[in-house]
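Peer 1: One structure, as structure tokens, below. Some questions next.
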Amino acid sequence: MSEGAKTWMTRRPTEGTTPARRLKVTELMPPEDYYRPQVRSPGARGLAWFLIWMIATFMLFWSTASMTAVGSLILVASLLLYWQRHSQVDAVESNQDAIQLLNEGSVDDAARRFEELAKEEQKTHGHAVFVHNRAVAYMLQGKLKRAFSLFNAVDRSRHFRWGPNRSYEPLLYAEMATCLALMGEMSEARDYRDIASSKLPRSEMPRLALVDTIIGLRQRRYEDVLRLLDGVWHDARDLLRVPTFRALMLLRAYALDNYGTGYEDQIRGLISSATTGRRGEFDYLATEWPEFRQFLESRGLTSRNG
């Protein structure tokens, strides 16, 4: 990869009043409570269970405490833990089913599953993951600001900074960067992209291929984009979600279309491999990107065609 490819990566106020500060995109938050994972300190759940067992131990050695009371406390705690784990297993399976739907292109069906999980699993450790996945579905539906507000809520909850979901943190920032790049917020997109880069292992850097490609294409650096994609293509195929890699194939076709002549066979091959036959499946990429929308329309790939 060349060094160049690495680096780019209200109302009207009434007279006499002070204009309200415009809310920045990066400050957006969803109004719904169930889209806002509860902010928790690290180890809060572990601390709660530690206190339960400390109380049980204290009761065990307290002269007036009966073994029946101690046993009852331990039994209740164990049953609660078992019920919680069983419920989480069901939620994880439902989440995986929704991801499968997403990969198959059934975005609306997947979105409904994620929506249910976000509402029903607010008290679990998986809630932030479900909200994150709902945000991905919003993005694929072309609701970019809505998607970013959910990503932002997950980020501010700090659920991905530690614990069982910490591996999601760089992926969250990559999605936030992609969302911003699609909205044309290029400076902020690069900032979030760099945060994701700082948290990813070197072997997983191709996960940034989509956002790097969008940034480069919006800057009309077609040669740099093609060189970047040549370097990460095979790894990106293995690392990226299916819808993400399909988008990357279409963006590569767009880069070739703008780079020069003589690539029509490659362009058609990429488009054929990327599309699933669903009308408008790539409209979300062009929601706030007029040049790319023209490319989709010229190739008959938008829901507005015919």
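None of the figures in this text is laboratory data; all of them are computed from the coordinates on show. Note that the structure is a prediction, hence the values are computed from the model and not measured. Ideal geometry is used to build each Cβ from the backbone, glycine not excepted, and the neighbour counts take in all protein chains shown.
Peer 1: What distance in nm lies between label points placed 7 Å from Cα along the C-beta direction at Leu23 and Glu120?
Peer 2: So the label points at Leu23 and Glu120 sit 3.0 nm apart.
Peer 1: Work out, step by step, the length gained on full extension between Arg227 and Arg166: first 0.36 nm times the residue separation, then minus their alpha carbon distance; give nm to one decimal.
Peer 2: That pair, Arg227 and Arg166, stretches by 18.8 nm at full extension.
Peer 1: Tell me the volume per residue, in Å³, of the convex hull enclosing the alpha carbons of the range 81-166.
Peer 2: For the range 81-166, the hull spanned by Cα atoms encloses 84 Å³ per residue.
Peer 1: Still on this structure, I have one more. How compact and how long is the range 206-306, expressed as Rg and Dmax of its alpha-carbon atoms in Å?
Peer 2: For the range 206-306, the Cα radius of gyration and maximum Cα-Cα distance read 12.6, 37 Å.
Peer 1: With only Lys, Arg, Asp and Glu charged, each at its Cβ (+1 for the first two, -1 for the last two), find how big the charge dipole of the range 206-306 is about the Cα centre; round to the nearest 20 debye.
Peer 2: Around 280 debye, computed over the range 206-306.
Peer 1: How much length, in nm to one decimal, is gained on full extension between Glu288 and Gln38, taken as 0.36 nm per residue of separation minus their Cα-Cα distance?
Peer 2: Gain on extension, Glu288 to Gln38, equals 86.8 nm.
Peer 1: Positive end of the dipole of the range 206-306, charges at C-beta (+1 Lys, Arg; -1 Asp, Glu), about the Cα centre: which of Ala274, Gly262, Leu217 has its Cα farthest in that direction?
Peer 2: It is Ala274, whose Cα lies furthest towards the positive end.
Peer 1: Straight-line reach from Lys199: which lysines have Cα under 22 Å away, leaving out those fewer than 8 places along the same chain?
Peer 2: Lys199 reaches Lys6.
Peer 1: Moving to a separate point now. Using packing as a proxy for protection, rank 167-177, 97-107 so that the peptide with the highest average count of other Cβ atoms within 10 Å comes first.
Peer 2: 167-177, 97-107
Peer 1: Compute log10 of I(q)/I(0) for the range 202-244 with the Debye formula, placing one identical point scatterer on every Cα and leaving out solvent, at q = 0.16, 0.23 Å⁻¹, to two decimals.
Peer 2: These q points yield log10 I(q)/I(0) values of -0.38, -0.74.
Peer 1: Sorted by average packing, counted as other Cβ atoms within 10 angstrom per residue and highest first, what order do 218-226, 249-257 take?
Peer 2: Ranking the peptides 218-226, 249-257 by packing returns 249-257, 218-226.
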